[in-house]
Amino acid sequence: MLREHHFRAMNTDVGVWLWDGPSVGDQLLRDVEKMFREAENQLSRFRVDSDLSRLNQRAGRGEQNVSPLLLRVLVQALAAARRTEGIFDPTVLPQLRQAGYDRSFELLEDENSPACPAVDCRVAPCSTRGGWRNITIHQAGSTVSLPAGMALDLGGIGKGWTVDRASEMLTGWGPALVDAGGDMRASGLPGGEGWPVAVQDPFHPERDLLTLTLADCSAATSTVGRRTWLRNGQRFHHLIDPRTGQPSASDLHTVTVVAPCAAEAEVAAKTVLLLGSDPGAAWLLQQGHAGLLITRSGTSTVVGQLPIGKRGEQ
């Protein structure tokens, strides 16, 4: 029996599937939703009362007490920044806000909307590149100190982290799949086979490029084609390149990466997209991951050994 549960959290659609689970399976799936709600309450930059928002508001005021959850996600984000040499940077929130992404995406309006006045689209270069190195963490006391003017966005890695925790919670209860807006983690073999996950053609949504078979691993997708908005006649997206402080101008449109855990796959997909095709592919292989890279012109390239079940119809 396949049990499933769907809800919306962290500004995305979440689905959870549990194969041949016990009689308490439905409660387990509701517990996953509760876990996502708690993570959103602490990590959302769009909630003024979240732990993350309070920390951002107190940048430059010395050590601040934070929740254990926020501390764990921030430690993971800083480790990812070091691993990617700053290509993944959790401190580009000021540039993201300046580009116009200053509220939950469903509340964004196109230009000339009275509910969302036009902003200056000339995004300044990121003067805080590498500033993440100046964040001070005292894990024993659960305190964090941000430099003045710094603000964190932990949305992507926070979502991946929560997917991983949810998947771990379901371990032992049967094969499971947790999917939060394309960031997913699979465990076990439902029916003796991996979980089939279709990878959509971003330019032709009605068809799939290929189908992955995930077993005890994760996949995540990063794209410049989803979260976009128009300001002063210019189209913006949410993936900020910390080297320029502006939305990514690499040749890549969409990247899907398979990695051991969802947070790692999320970081890798974003890093590859920001680096671009050739350096991104080289970095991905260096990390021991596999992925599908799709350029803005529509060319797709498989890098590494993807667990491909079948090709989509061409």
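The residues on offer are Thr301, Thr244, and the sole one that is surrounded by fewer than 19 Cβ atoms within 10 Å (Cβ to Cβ), touching a residue at least 12 places away in the same chain (Cβ under 8 Å) and out of contact with any strand residue (DSSP E or B) (no Cβ under 9 Å at 6 or more places or on another chain) is Thr244. One residue alone among Phe36, Phe7 is modelled with pLDDT of 95 or more, assigned to a helix (DSSP H, G or I) and aromatic (Phe, Trp, Tyr), and that residue is Phe36.
Taking segment 4-62 as the range and being within 15 Å of Met169 (Cβ to Cβ), among the β-branched types (Val, Ile, Thr) and out of contact with any strand residue (DSSP E or B) (no Cβ under 8 Å at 6 or more places or on another chain) as the test, only Val24 passes.
The set of residues in segment 128-186 being within 25 Å of Ala198 (Cα to Cα), surrounded by fewer than 18 Cβ atoms within 10 Å (Cβ to Cβ) and charged (D, E, K, R) consists of Glu168 alone.
Taking (1) at positive phi; (2) polar (S, T, N, Q); (3) modelled with pLDDT of 95 or more in turn, Asn232 satisfies each apart from (3).
If the requirement is being of a type in the set (S, T, N, Q) and either modelled with pLDDT of 95 or more or touching a Ser or Thr at 6+ places or on another chain (Cβ under 9 Å) (or both), which of these qualifies: Gln76, Gln27? Spell out how you get there, then give the answer.
Details: Gln27 fails: either modelled with pLDDT of 95 or more or touching a Ser or Thr at 6+ places or on another chain (Cβ under 9 Å) (or both).
Exactly one residue qualifies, and that residue is Gln76.
Within segment 14-31, one or more residues are in a helix (DSSP H, G or I), among the basic types (Lys, Arg) and closer than 19 Å to Ala166 by Cβ.
Going by the structure shown, is Pro205 part of a strand (DSSP E or B) and at pLDDT below 95? Quick ask: steps written out before the conclusion?
Working: part of a strand (DSSP E or B): yes; at pLDDT below 95: yes.
Yes.
None of Val257, Val272 is outside any strand (DSSP E or B), modelled with pLDDT of 95 or more and crowded, with 19+ Cβ neighbours inside 10 Å except Val272.
So in segment 45-64, with the set limited to residues that are part of a loop (DSSP other than H, G, I, E, B) and in contact with a helix residue (DSSP H, G or I) (Cβ under 7 Å, 6 or more places away or on another chain), which one is surrounded by the most Cβ atoms within 10 Å (Cβ to Cβ)? Step through it out loud before you land on a result.
Initial filter on segment 45-64 (part of a loop (DSSP other than H, G, I, E, B)): 45-50, 58-63.
Then drop every residue that is not in contact with a helix residue (DSSP H, G or I) (Cβ under 7 Å, 6 or more places away or on another chain), which leaves 45, 47, 50.
Values: Arg45: 22, Arg47: 15, Ser50: 18.
Per the stated criteria, the residue is Arg45.
The set of residues in segment 150-201 that are under 18 Å from the mean Cα position of the chain (by Cα), of a type in the set (Val, Ile, Thr) and farther than 16 Å from Val258 by Cα contains only Thr162. Residue count for segment 193-211, restricted to those that are touching a Ser or Thr at 6+ places or on another chain (Cβ under 8 Å) and within 22 Å of Ser167 (Cβ to Cβ): 7. Would you point out the residue of segment 188-207, among those that are touching a strand residue (DSSP E or B) at 6+ places or on another chain (Cβ under 8 Å) and of a type in the set (Gly, Ala, Ser), that is farthest from Gly130 (Cα to Cα)? So, considering only residues that are touching a strand residue (DSSP E or B) at 6+ places or on another chain (Cβ under 8 Å) and of a type in the set (Gly, Ala, Ser), the one farthest from Gly130 (Cα to Cα) is Gly191.
Could you list all residues from segment 65-85 that are buried (at least 18 other Cβ atoms within 10 Å of the Cβ), touching a residue at least 60 places away in the same chain (Cβ under 8 Å) and farther than 13 Å from Leu43 by Cβ? Passing the criteria: Ala80, Thr84. Residues in segment 136-187 that are touching a strand residue (DSSP E or B) at 6+ places or on another chain (Cβ under 7 Å) and assigned to a loop (DSSP other than H, G, I, E, B): Ser142, Thr171, Trp173, Gly174, Pro175, Gly181, Gly182. Can you tell me which residue in segment 278-294 is surrounded by the most Cβ atoms within 10 Å (Cβ to Cβ), limited to those that are in contact (Cβ under 8 Å) with a residue 24 or more places away in the chain and in contact with a strand residue (DSSP E or B) (Cβ under 6 Å, 6 or more places away or on another chain)? By that ranking, first place goes to Gly291.
The values are calculated or read from the model by the stated rules, or taken from the named source; none is laboratory data. What you are looking at is a predicted structure, and each value in this text was computed from that prediction instead of being measured. All Cβ positions, glycine included, derive from the backbone under ideal geometry; neighbour counts span all protein chains shown.
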